[in-house]
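Structure first, then comments.
The values are calculated or read from the model by the stated rules, or taken from the named source; none is laboratory data. Worth saying up front: this structure is predicted, and the values here are computed from it rather than measured. Ideal geometry is used to build each Cβ from the backbone, glycine not excepted, and the neighbour counts take in all protein chains shown.
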Amino acid sequence: MGSGLWRQGQPADRVAGGQARVVLVRHLAAVTVLLPLLALTLCYALSLYMHFDLANRTHCLVFNFFPSISSAAGKFSPQKFIWRALLALHLAPRVLLGYLTHAHLARVLRQSPRCRRLTATCLLLYALEQAGLSGVSFVGSLEHYTLHKVSFIVFVAASEAYMVLVTALLSRCRAAPPPPHEQTSLRWKQRLLTLNVFSLVVAMYLFVRHNTYCEPGVYSLFAIFETCMVLSNMAFHFTSYWDFHDLQLCIARVAQD
């Protein structure tokens with residue numbers, strides 16, 4: 001078997017006598033985002049229906065109405081198994097999309113040493129983000145709190161830095177003006193980055209306020225903004241749908257001599 005990448009209009013469907021399987025990369029990008037979105041939706045729905053009191057319980061036992069992601073996806077069954085299974089399914093295409101994004105940046109940005117270094121930094125931040133996401137997903141806070149906490153910090157720090165750097169590079173360092181579909185992608189990146197940073201700042205404030213004053217409902221407000229932060233991160237990665245709108249992944253049988 002062999003594989004390759006083509007732009008639409010190239011004869012990918014005729015590789016190896018027509019025995020090729022062609023996947024539009026933009027569809028792969030959509031599936032990669034939909035899997036964790038489905039997992040998160042199911043975890044929240046099941047936690048609110050089956051474990052409302054336990055999912056919303058905090059150390060100071062005040063009333064809350066919406067659980068954090070760690071509580072909804074990591075404490076109860078079957079939620080934690082749904083979350084881990086769907087996250088595991090999305091990891092392989094997520095790694096592939098990281099490589100393709102790196103190749104895309106290398107292609108459209110100016111070919112200067114500084115741009116190449118920053119492109120490599122984006123790839124490193126992307127890898128750290130996925131490592132942090134894996135750690136926080138597969139190691140629950142009740143199983144190993146320190147590792148779960150460190151993984152969450154790595155995920156947040158790397159994802160924020162990645163989104164800022166990618167948006168800045170595509171805004172200021174392109175070798176040529178972007179086509180319309182990539183302009184759409186960049187506009188959404190800028191909007192989602194703004195929403196993500198705003199949600200992070202508000203979530204941090206609410207988390208500190210909850211731990212300081214332990215007021216009813218404050219932890220749930222933190223959880224809502226935490227969820228907004230995660231959803232805007234998912235949506236940011238979904239913008240690769242436009243970046244790869246005409247890219248095809250072809251898997252073909254290689255003829256034997």
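Only residues that are within 20 Å of R209 (Cα to Cα) and touching a Phe, Trp or Tyr at 6+ places or on another chain (Cβ under 6 Å) were counted in the stretch 54-91, giving 2. Once the stretch 170-181 is narrowed to residues that are out of contact with any helix residue (DSSP H, G or I) (no Cβ under 6 Å at 6 or more places or on another chain) and in a helix (DSSP H, G or I), the residue that is surrounded by the fewest Cβ atoms within 10 Å (Cβ to Cβ) is P180.
Within the stretch 203-234, restricting attention to residues that are part of a helix (DSSP H, G or I) and of a type in the set (G, A, S), which residue is nearest to the chain's Cα centre (by Cα)? By that ranking, first place goes to S232. Criterion applied to H27, H90, H104 was being out of contact with any Gly (no Cβ under 6 Å at 6 or more places or on another chain) and exposed (fewer than 14 other Cβ atoms within 10 Å of the Cβ), and the one residue passing it is H27.
The condition of being more than 18 Å from K80 (Cα to Cα), in contact with a Lys or Arg (Cβ under 8 Å, 6 or more places away or on another chain) and modelled with pLDDT under 95 holds for only one of A16, A55, that being A16. Residues that are more than 27 Å from A39 (Cα to Cα) and assigned to a helix (DSSP H, G or I) are absent from the stretch 235-243. Taking the stated definitions as given, is T121 modelled with pLDDT of 95 or more, surrounded by fewer than 17 Cβ atoms within 10 Å (Cβ to Cβ) and either under 22 Å from L35 (Cβ atoms) or not acidic (D, E) (or both)? Against the criterion (modelled with pLDDT of 95 or more, surrounded by fewer than 17 Cβ atoms within 10 Å (Cβ to Cβ) and either under 22 Å from L35 (Cβ atoms) or not acidic (D, E) (or both)), T121 qualifies. Residues of the stretch 72-106 being touching a Lys or Arg at 6+ places or on another chain (Cβ under 8 Å) and within 19 Å of E226 (Cα to Cα), which ones? Answer for the stretch 72-106, where residues must be touching a Lys or Arg at 6+ places or on another chain (Cβ under 8 Å) and within 19 Å of E226 (Cα to Cα): A73, G74. Within the stretch 170-192, residues that are under 14 Å from S240 (Cα atoms) sit with their Cβ atoms under 6 Å from residues that are small (G, A, S) and in a helix (DSSP H, G or I), at 6+ positions apart or across chains, in these pairs: L192/S232; L192/A235. The set of residues from the stretch 108-147 being touching a residue at least 60 places away in the same chain (Cβ under 8 Å) and under 21 Å from F81 (Cα atoms) comprises V136, S137, G140, S141, L142.
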